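The block underneath contains the structure these notes are about, expressed in C-alpha cells.
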Amino acid sequence: MPSFPAPAYPAIRLRRTRASAWSRALHAEHRLSPADFIWPLFVTSGEGVEEPIASLPGVSRWSVDLAVARARDAAALGIPCLALFPNTPADKRSDDGAHALDPDNLMCQAIRAIKDAVPDIGLLTDVALDPYTAHGQDGLLDEAGYVVNDATVDALVGQALNQAAAGADIVAPSDMMDGRIGAIREALEAEGHANVQIMAYAAKYASAFYGPFRDAVGSRGILKGDKKGYQMDPANGTEALREVALDIAEGADSVMVKPGLPYLDVVARVKDAFDVPVFAYQVSGEYAMIEAAAAVGAGDRDALILETLMAFKRAGCTGVLTYHALDAARLLNG
Ligand code: PBG
C-alpha cells in the first residue's frame with residue numbers, strides 16, 4: 001500500500017468548490033423550499049377585518065374570511081401547512097377556558113372555512129388553553145394559582161377532539177402538561193380520528209421571546225405570573241431529550257423545539273438521538289428581532305430571513321414554523 005501524507009494545503013483548498021455560483025449550488029448540503037414552512041396565522045372575529053399587531057410588524061390578525069384568502073396565498077406559493085391561533089373575544093374567556101371546547105369557536109370556524117375553500121393545505125391547530133382563559137395560563141388553576149396537570153389534560157383532550165372534528169390535520173399541544181400526548185392519542189383513536197397527527201411541542205421553553213405572540217392572541221395583558229411551572233428551564237438541554245422520548249413513546253408523530261434559533265443545539269441533539277421528524281418554531285420574538293435589525297439597517301432583510309431559515313435545516317429540522325413563511329417562499333420561488 002502506498003502511503004500518502006495527510007492531505008493538507010495546497011493539495012486541499014476548500015475555497016475551490018466555493019469559487020463559483022454553480023459550484024456552490026452543486027455542493028450545497030441543504031436546500032430550503034417553501035415546502036419546509038408552516039405559516040402561523042392569527043384569527044379574529046368579524047368579517048373583512050385585518051388587525052395589524054404592533055409588536056409583530058408585518059403580521060396581522062385576520063377574520064375568518066380573510067384567513068381563507070391568506071390560506072389561498074400560502075397554497076399558491078407551495079406552503080404545505082398553516083398553524084392557526086385564535087384571538088378569542090374577551091367575553092368568551094373564562095377561568096376554565098371552556099370556550100376551547102365550543103364547536104363553534106373561532107378556531108373551529110377557521111378550520112371549517114379553510115378546509116372548505118383550500119382543501120389541499122394542511123391545518124395544524126394549537127392545543128392549549130391560554131387563548132381561552134381569563135388568566136392567560138395554558139391550563140386550569142387551583143386555589144393557590146398552580147396550573148394543575150391532570151384536570152388540564154382532560155380539557156386538552158376535549159379541545160383536541162373538538163379541533164379534529166372540525167377538520168384539523170395536525171393537533172399540536174403547546175401546553176407542556178405531562179401525559180397529554182398519550183391521552184390525546186388514545187382519544188383520537190377512540191373517536192375515529194386515526195389519521196389526525198400529533199405534533200408535540202415536546203421541548204418548549206419558558207422563554208422571553210413569546211411577547212408579541214401574547215399580544216396577537218390577547219393574553220399578554222391578562223397573564224398573571226409566568227409559565228416556568230410547566231415550560232422548560234432554558235438552562236436545560238438533556239431534559240429536552242427526556243421530554244422528546246416521552247412524547248414519542250406516547251404517540252407523537254413529530255416533535256417540536258421552541259423557540260428556534262437560540263435552541264438549535266437542542267434541535268441538533270434531538271435529531272441525533274431520535275429517528276422522528278423534528279420541527280422548530282421560530283417564534284414571534286425572533287421574528288421581531290429580525291424585523292427590528294432590518295429596520296435599522298443592521299442587515300439585509302431578505303438575507304437575514306433566508307439565512308436563519310437555512311440554519312434550521314442545517315441543524316436537522318424537517319420543517320420550521322415561521323412568520324416569514326410567505327416572504328421566504330416568495331424569495332425562494334424567485
Ligand atoms: C401558548 C403558545 C405560545 C406560543 C405558541 N403557543 C406562547 C406561550 O407559551 O406563552 C408562542 C409562539 C410565538 O411566540 O410565536 N400555548
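Annotations for the structure displayed:
- Euclidean distance of C-alpha centroids, region 1-18 and region 97-136, integer Å: 57
- For L41, distant residues with modelled amide H under 5 Å away: A83, L84, F85
- Amide H contacts of L140: V148, T152, each under 5 Å away and 5 or more positions distant or on a separate chain (H built 1.01 Å from N in the peptide plane; Pro and chain starts excluded).
- Pairs from the table (K92/K313; K115/K228; K224/K258) lying more than 31 angstrom apart at Cα are K92/K313; K115/K228.
- Karplus-derived 3J(HN,Hα) values for region 132-144, using 6.51 cos²θ - 1.76 cosθ + 1.60 with θ = phi - 60°, are 10, 8, 6, 9, x, 7, 7, x, 8, 9, 8, 4, 7 Hz; glycine and proline are entered as x.
- Membrane-span-like helices in the chain (whole DSSP H runs, Cα extent of at least 18 Å along the helix axis, mean Kyte-Doolittle hydropathy of at least 1.0): none found.
- Note on V296/D154: beta-carbon distance plugged into 1/(1 + (r/R0)^6) with R0 of 45 Å gives a FRET efficiency of 0.40.
- Fully extended contour minus Cα-Cα distance, from D226 to E29, at 0.36 nm per residue: 66.9 nm
- Among P119, P34, P173: highest mean-square fluctuation, GNM of the chain, C-alpha pairs under 10 Å: P119
- 3J(HN,Hα) along region 40-52: x, 10, 9, 10, 10, 6, x, 9, x, 9, 10, 10, x Hz, from the Karplus curve 6.51 cos²θ - 1.76 cosθ + 1.60 with θ = phi - 60°, whole Hz, x for Gly and Pro.
- Once the Cα-Cα distance is subtracted from the 0.36 nm per residue extended length, the D233 to N195 segment shows a gain of 10.4 nm.
- In region 15-44, the trypsin sites (Lys or Arg not before Pro) that fall in loop regions by DSSP, at most 14 other Cβ within 10 Å: R15, R31
- Calculated on the alpha-carbon coordinates, the convex hull of the chain measures out at 174 cubic angstrom per residue.
- Helix-only [θ]222 nm of the chain, DSSP H runs n ≥ 4, -39500 (n - 2.57) each, per residue, nearest 500: -11500 deg cm²/dmol
None of the figures in this text is laboratory data; all of them are computed from the coordinates on show. Every value quoted in this text rests on a predicted model; they were computed, and no experiment measured them. Virtual Cβ from ideal backbone geometry, glycine too; neighbours counted across all protein chains shown.
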